[in-house]
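The values are calculated or read from the model by the stated rules, or taken from the named source; none is laboratory data. Just so we're clear, the structure is a prediction, and the values are computed from it rather than from any experiment. Cβ placement follows ideal geometry from the backbone for every residue including glycine, while neighbour counts extend to all protein chains displayed.
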């Protein structure tokens, strides 16, 4: 059954109607994942001697597939022992991969990543760990509650001359995509760069009018009456890749990357079934997040909106090129590169 369903992918791209193609893509993705999940499993023995690899870890919910693969023994079956290396930002993840202090990592499609590649660092993109699909509310623009209550904000057109907080070039890119839908550009608003942890306080103190936030900060801000989510990652970039699984130059040239991704895909599909198909218990995934992630309170994690994923970890090249075009145009990336050369197929 899985083979028959997945053969339909080739015919999908013959459709000229973009909306129809997107709808069919969503159905095929779910169907293929279901078919694979119900295929008979052949027990595989755990390797007696495990190869130790390291992974740069930001501790975010987007890392859930890695944590699940660790706790459920998927990496061990592939002969790997994964050690997590804490990181605080995407540039730090890129640095750890560049220096060889981490074999694998995961991050957003950030300018720091593309600049490293442009500088000759052969980091490979192994797959996606997050994709902006319908239903995602894991990131987006939170607008101050008082502006909404007073009628000062009724839609994106009301962002004109407003102060919008962003934490990175990438988050400003998303905000600008939403502004563009209302006929506005970056010159029509005042962007200010603030660290994510400081954004709720900035909203509360009226230092900013809106902020591009991620979970669990979105849920906390809404629950605290600070604001409402008024635009999501899907609104900004439908179908775009939001999270990438990466391999360092030394890890991408051997079989470790293949074994790593086999285990990662199992963890990714467990996450997909638990939170999107909802035919599996999300409890074990939440347990793994509470143990390994930066938020250890399981009750909080249970209320957090999770990101949408492609269960096959596909990479949409067009969306990566869209990021790159923006980074180059805003002088955050020195020159464009052939991104396809850095994608493992």
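Which of (1) in a helix (DSSP H, G or I); (2) touching a helix residue (DSSP H, G or I) at 6+ places or on another chain (Cβ under 6 Å) is the odd one out, the single condition residue 147 does not satisfy?
Of (1) in a helix (DSSP H, G or I); (2) touching a helix residue (DSSP H, G or I) at 6+ places or on another chain (Cβ under 6 Å), only one is false for residue 147: (2).
Every residue in segment 289-325 that is in contact (Cβ under 8 Å) with a residue 24 or more places away in the chain, within 18 Å of the chain's Cα centre (by Cα) and part of a helix (DSSP H, G or I), please.
289, 292, 301, 317, 319, 320, 322, 323, 324
Considering 240, 231, which residue is within 16 Å of the chain's Cα centre (by Cα) and closer than 18 Å to residue 141 by Cα? Lay out the reasoning, then the answer.
Working: 231 fails: within 16 Å of the chain's Cα centre (by Cα).
Exactly one of 240, 231 is within 16 Å of the chain's Cα centre (by Cα) and closer than 18 Å to residue 141 by Cα, namely 240.
Given segment 54-136, what helices (runs of 4 or more DSSP H) lie entirely inside it while holding 3 or more residues that are in contact with a helix residue (DSSP H, G or I) (Cβ under 9 Å, 6 or more places away or on another chain), in contact (Cβ under 8 Å) with a residue 24 or more places away in the chain and within 23 Å of residue 263 (Cα to Cα)?
Correct list: 64-71, 74-77, 90-99.
Quick grid of which residues meet (1) closer than 20 Å to residue 242 by Cβ; (2) touching a residue at least 12 places away in the same chain (Cβ under 8 Å); (3) surrounded by 15 or more Cβ atoms within 10 Å (Cβ to Cβ); (4) touching a helix residue (DSSP H, G or I) at 6+ places or on another chain (Cβ under 8 Å):
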position: 192; (1), (2), (3), (4): no, yes, no, no
position: 199; (1), (2), (3), (4): yes, yes, yes, yes
position: 202; (1), (2), (3), (4): no, yes, yes, no
position: 205; (1), (2), (3), (4): no, no, no, no
position: 211; (1), (2), (3), (4): yes, yes, yes, yes
position: 215; (1), (2), (3), (4): yes, yes, yes, yes
position: 218; (1), (2), (3), (4): yes, yes, yes, no
position: 221; (1), (2), (3), (4): yes, yes, yes, yes
position: 224; (1), (2), (3), (4): no, yes, no, yes
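Just to be sure, is residue 326 more than 25 Å from residue 218 (Cα to Cα) and surrounded by 15 or more Cβ atoms within 10 Å (Cβ to Cβ)?
Criteria met by residue 326.
Out of everything in segment 112-138 that is closer than 20 Å to residue 167 by Cα and modelled with pLDDT under 95, what residue ends up being surrounded by the most Cβ atoms within 10 Å (Cβ to Cβ)?
138
What about residue 280, is it in contact with a helix residue (DSSP H, G or I) (Cβ under 7 Å, 6 or more places away or on another chain), in a helix (DSSP H, G or I) and surrounded by fewer than 18 Cβ atoms within 10 Å (Cβ to Cβ)?
When the stated conditions are applied, residue 280 does not pass them.
Hey, any hits in segment 248-261 for a residue that's surrounded by 21 or more Cβ atoms within 10 Å (Cβ to Cβ), in the same structural domain as residue 88 (by TED's automatic domain parsing) and within 16 Å of the chain's Cα centre (by Cα)?
Checking segment 248-261: not a single residue is surrounded by 21 or more Cβ atoms within 10 Å (Cβ to Cβ), in the same structural domain as residue 88 (by TED's automatic domain parsing) and within 16 Å of the chain's Cα centre (by Cα).
Can you list the helices (runs of 4 or more DSSP H) found entirely within segment 178-262 that contain at least 3 residues being modelled with pLDDT under 95?
Numbers: elements: 199-204, 217-223, 233-236, 249-252.
In segment 178-262, the matching helices (runs of 4 or more DSSP H) lie at 217-223, 249-252.
Quick check, is residue 107 surrounded by fewer than 22 Cβ atoms within 10 Å (Cβ to Cβ) and under 30 Å from residue 85 (Cα atoms)?
no
Picking from 331, 288, 319, 294, which residue would you name as being modelled with pLDDT of 95 or more and surrounded by fewer than 16 Cβ atoms within 10 Å (Cβ to Cβ)?
Numbers: 288 fails: surrounded by fewer than 16 Cβ atoms within 10 Å (Cβ to Cβ); 319 fails: surrounded by fewer than 16 Cβ atoms within 10 Å (Cβ to Cβ); 294 fails: modelled with pLDDT of 95 or more.
Testing whether each residue is modelled with pLDDT of 95 or more and surrounded by fewer than 16 Cβ atoms within 10 Å (Cβ to Cβ) leaves just 331.
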